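Undergrad: Next up is a structure, given as structure tokens.
The values are calculated or read from the model by the stated rules, or taken from the named source; none is laboratory data. From a predicted model like this one, the values you see are computed outputs, not experimental measurements. Quick reminder, even Gly has a Cβ in these numbers, built from the backbone with ideal geometry, and neighbours come from all protein chains shown. Just the protein is used for accessible areas: all its heavy atoms, side chains included, with ligands, DNA and RNA removed. Shrake-Rupley method; radii C 1.70, N 1.55, O 1.52, S 1.80 Å.
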Amino acid sequence: MRHLWLTDEEKEGHAYFLNTLGRDISKKEKQEAAVNLRRAGKSYRLIGEWLGIDPKTALNWTKEKQERSG
């Protein structure tokens, strides 16, 4: 049986999920969110889950951003 209580990380993830999939946001907004989440130490798997994208996409987006800024 799954516990009904959510961890802080699960709450944060649920909020991201609802905010991104609950409204029509642009690819650029999702890319920016992915980069910010990665900077906050989130895994690519978690970023993908929260933003409704493949974890490999999250990896590629964050790498592209690093290459452009570095």
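Undergrad: Mind checking whether some residue in the stretch 29-39 is part of a loop (DSSP other than H, G, I, E, B) and open to solvent by less than 70 Å² (accessible area, probe 1.4 Å)?
TA: Checked the stretch 29-39: no residue is part of a loop (DSSP other than H, G, I, E, B) and open to solvent by less than 70 Å² (accessible area, probe 1.4 Å).
Undergrad: Restrict the check to the stretch 13-36 and report whether at least one residue is at pLDDT 90 or above and at positive phi.
TA: No, the stretch 13-36 contains no residue that is at pLDDT 90 or above and at positive phi.
Undergrad: OK, next. Can you say whether W5 is surrounded by 10 or more Cβ atoms within 10 Å (Cβ to Cβ), modelled with pLDDT under 95 and of a type outside the set (D, E), as far as the supplied structure shows?
TA: In short, no.
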